[in-house]
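Q: Once you've had a glance at the structure underneath, I'll fire off some questions.
What follows draws every value from the coordinates through simple rules; no lab data is involved. Computed from a prediction, not measured in an experiment: that's the story for all the values here. Every residue, glycine as well, gets a Cβ built from its backbone with ideal geometry; the counts of neighbours run over all protein chains shown.
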Amino acid sequence: MTTELATNSMQTPFEQFLERQSEEAWAATLTTLLRSIHEVDKNATQIWFAFYPLSLFTALQQAEDKDQLAKQLLMQGHYELKDQIDSSHTFLYGHRYWPQVKKAVEAFAEGHDGDTGQLSDQVLEMARQTAARLKVDVSLLVGITAVAFMTIQQAGLAAFKNAAGAMLLDKKHANRSADQIISERAKDDSQGLFGFLKTIDKKWTVTYDENDAAAKYKMNHDQDMAWGASDDRTRNWREIDPRRPEGPIPVECRSASCGTCWVGVLGGAEKLSDVAVREGKKIKEFGYIDTNEPKPLIRLACQAKTYGAVSIVIPPWNGVFGKHLRSVKQTSEEGLE
Ligand code: FES
């Protein structure tokens with residue numbers, strides 16, 4: 001308790017304001033903000049918030065032995081935002097404006113008096129000011145500004161300020177317009193002149209990094225995304241990430257048992273198979289998403305079959321924490337009764 005109080009007293013008013021924002025407050029904020037987020041970043045922003053859940057961060061922070069809990073939750077890879085302040089959001093279109101957004105949010109944080117205004121209003125106002133300065137549509141900055149706020153909440157203002165604030169895309173990709181990206185996501189592979197007659201031998205492209213022209217693989221119609229990825233021998237995957245024994249998608253069990261293969265779907269979620277009972281049950285158990293939607297934005301690649309071209313994003317970590325977070329929530333609700 002003493003340590004917590006000491007830490008709190010060293011926090012800036014903005015950090016104290018953010019610390020009062022719960023997972024539920026952020027979920028409500030995100031719902032409000034989505035109305036103002038450009039089409040190109042609507043899915044990306046929701047995926048980013050699923051990749052970096054506040055409740056998991058809080059549980060690890062409050063654990064008596066954080067490393068022990070991480071081990072218990074089978075955490076693998078890079079799950080802490082403090083280690084990827086500039087790089088966690090390269091799949092958002094708004095990443096292009098990260099240097100300016102980061103600077104503007106830092107200045108806003110410095111001048112913050114810790115007031116109790118709505119979180120969504122503050123994100124929107126910040127995005128509006130930056131958009132006016134940059135002369136770009138505000139809808140392109142709302143998602144990335146929300147990401148900046150959450151990054152400060154999890155990484156702390158000092159670490160946030162210490163990050164270089166770099167935009168990590170090459171010039172060619174950074175220059176693409178939002179409309180270009182949206183229309184690329186909507187494209188399907190041509191199946192040749194008589195493609196409409198094909199039934200089983202159709203091939204579809206999976207794009208797993210929209211900012212790398214070579215980050216694509218072909219897969220068969222009705223094949224799950226993880227099997228399709230395993231034929232991709234273009235890189236030494238294990239060297240890039242030990243969670244990737246073959247192909248760009250990390251895998252272990254291939255049977256919805258381990259949670260290693262989760263991905264976010266930026267475009268083409270409607271072209272994947274519906275979530276079957278086992279995938280739906282296990283994805284909740286892992287803690288990645290809690291929904292009964294048939295085609296959500298977060299999927300297990302070893303279960304989702306492809307019936308068209310899709311664009312996905314691969315998170316840099318995996319774990320099994322759904323059950324743990326539910327029991328933490330239950331204990332804290334019982335404590336309030
Ligand atoms: S590889 Fe284990 S859940 Fe998909």
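Q: Would you kindly compute the Cα radius of gyration of region 206-253 and its largest Cα-Cα separation (Dmax), both in Å?
A: 10.4, 29
Q: So, with +1 on the Cβ of K and R and -1 on the Cβ of D and E, and no other charges, what is the size of the charge dipole of region 153-273 about its Cα centre, to the nearest 20 debye?
A: In debye, rounded to 20, region 153-273 gives about 200.
Q: Same structure again: Taking the Cβ of Pro99 as the centre, find all other residues whose Cβ is under 14 Å away and add up their charges (Lys, Arg: +1; Asp, Glu: -1).
A: Combined, the nearby Lys, Arg, Asp and Glu give +3.
Q: Using the Cα gyration tensor of the chain, with a ≥ b ≥ c the square roots of its eigenvalues, what is the shape: rounded (a/c below 1.5), prolate (a/b larger than b/c) or oblate (neither)?
A: oblate
Q: Would you tally the net charge around Gly268, using a Cβ to Cβ cut-off of less than 10 Å, leaving Gly268 out, and scoring K and R as +1, D and E as -1?
A: Taking every Cβ under 10 Å from that of Gly268, the sum is +2.
Q: Of all alpha-carbon pairs in region 125-250, indicate the percentage at a distance above 26 angstrom.
A: Cα-Cα pairs in region 125-250 separated by more than 26 Å: 47 percent.
Q: Sticking with this structure for a sec: For Ser332, Ser36, what's the fewest-to-most ordering of other Cβ within 10 Å of each Cβ?
A: Ser332, Ser36
Q: Considering lysine pairs in region 1-139 that are 8 or more places apart or on different chains, how many have Cα atoms under 27 Å apart?
A: Taking the Cα cut-off of 27 Å, the pair count is 10.
Q: For Trp262, what residues show an amide H to amide H distance below 5 Å, using hydrogens built from the backbone and excluding near sequence neighbours?
A: Ala301
Q: Let me ask something additional. Highest mean first, how do 74-86, 138-150, 94-106 rank when packing is the count of other Cβ atoms within 10 Å averaged over residues?
A: Ranking, from highest mean packing down: 138-150, 94-106, 74-86.
Q: Rounded to the nearest 20 debye, what is the charge dipole size of the chain about its Cα centre when +1 sits on each Lys and Arg Cβ and -1 on each Asp and Glu Cβ?
A: Roughly 1160 debye, rounded to the nearest 20.
Q: Excluding Lys187 itself, what net charge comes from residues whose Cβ is under 15 Å from its Cβ, given Lys and Arg +1 and Asp and Glu -1?
A: +1
Q: Please report, to two decimal places, log10 I(q)/I(0) for region 187-322 at q = 0.14, 0.16, 0.17 Å⁻¹ as given by the Debye formula with identical point scatterers on the Cα atoms and no solvent.
A: Scattering profile of region 187-322, log10 relative to I(0): -0.60, -0.78, -0.87.
Q: Okay, moving on. Report the Stokes-Einstein translational diffusion coefficient (µm² s⁻¹, integer) for region 2-178, Rh taken as the Kirkwood radius over Cα pairs, at 20 °C with viscosity 1.002 mPa s.
A: It comes out at roughly 128 µm²/s.
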